[in-house]
Amino acid sequence: MKALLLAATLLTSAASLTFAQEEKPLLHEHALPLLASPTFAEPLDASFSIAKGKWTPHDGVLEVLDLPEEKHIPVLHHQAGLSDAAIDVEFLLDGPGTFLVGCDSAKHVGRVVVTTTALSIAEDSVKPSHTIAKLPLTVKPGEWHKLHVEWKGDHMAARLDGKELEAQHEFLATPKVRSWLAAGKSVKVRNLKIYGNKAPAKS
């Protein structure tokens, strides 16, 4: 019995250690201030604005739908320019599709892109976006997935269900004015938290 209890304790400790390692920051040495943590049980506050598509909060889940007449995937802006950022979010694809987290200046700066077959990071100094890092993996529709995204200086990094990817490009250091989420035709979002240091105001 003691041997079984010891084995169970060791397994629990190992699981706790693995969890702690998965939750470690990717680029930042210290935790960033929490700026937004919407409940999705009530309307989004004024720091968010819907650019494209339909984003409906309901019972703790943000339901995202594509509007074909807009001819653009759904996009939700968070109106805070962050020099350093960390974004936690969970998403569920209702079918084949994509989920993105990105940042803008006057134009797009960089983005993390999730498809059913890969996690990638792209910079937006050119059109179409220039993919600078890619990790093949499987993202199953109909299941919740946990995504963590960070940017700092000219680096951007992501962790998807424990798998990590990092990239560097000089354009990623462009000053930001907002962050955003974007999604495919039908996606659900929950547990969104946005951390960061706001960019200095222009004089």
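How high is the FRET efficiency between GLN79 and GLU166 when r is their beta carbon distance and R₀ equals 25 Å, given to the nearest 0.05? Mind showing how you got there, number by number?
Values: r = 27 Å, r/R0 = 1.07.
The computed FRET efficiency comes out at 0.40.
Which of THR138, THR116, THR56 ends up with the largest GNM mean-square fluctuation for the chain, with Cα atoms connected below 10 Å?
Of THR138, THR116, THR56, the most mobile in the Gaussian network model is THR138.
What nm distance separates the two modelled labels at ALA106 and LYS198, each placed 7 Å from Cα along Cα→Cβ?
Calculated label separation equals 2.3 nm.
Could you tell me how many degrees, from 0 to 90 and to the nearest 10, lie between the Cα long axis of helix 2-22 and the main elongation axis, the longest principal axis, of the Cα atoms of the chain?
So the helix axis and the longest Cα principal axis differ by about 20 degrees.
Quote the accessible area belonging to GLU69 in square angstrom, nearest 10, computed with a 1.4 Å probe and with ligands, DNA and RNA left uncounted.
140
Out of LEU67, LEU165, LEU100, any idea which swings most in a Gaussian network model of the chain, alpha carbons joined below 10 Å?
LEU67
Report Rg (one decimal) and Dmax (nearest whole number) for the chain, counting Cα atoms only, units Å.
18.0, 69
Quick check: at a probe of 1.4 Å, how many percent of the accessible area of region 62-184 sits on carbon and sulfur atoms?
Working: 2860 of 5250 Å².
It is 54 percent, rounded to a whole number.
Take the Cβ-Cβ distance between GLU42 and VAL126 as r, set R0 to 45 Å, and report the resulting FRET efficiency rounded to the nearest 0.05. Provide the component values of the computation, followed by the final result.
On the way: r = 40 Å, r/R0 = 0.88.
Once rounded, the FRET efficiency stands at 0.70.
Given a 1.4 Å probe, how much area per residue of the chain is accessible, in Å²?
Numbers: 11080 Å² over 203 residues.
For the chain, the per-residue accessible area is 55 Å².
Order of 123-132, 178-187 by packing, highest average Cβ count within 10 Å first?
Highest to lowest by the protection proxy: 178-187, 123-132.
The values are calculated or read from the model by the stated rules, or taken from the named source; none is laboratory data. The structure presented is a predicted model; accordingly, all values stated were derived computationally and were not measured. Here the Cβ is made from the backbone with ideal geometry for all residues, glycine too, and neighbour counts use every protein chain on show. Each accessible area value is taken on the protein alone, full model and side chains, heavy atoms only, with ligands, DNA and RNA left out. Shrake-Rupley method; radii C 1.70, N 1.55, O 1.52, S 1.80 Å.
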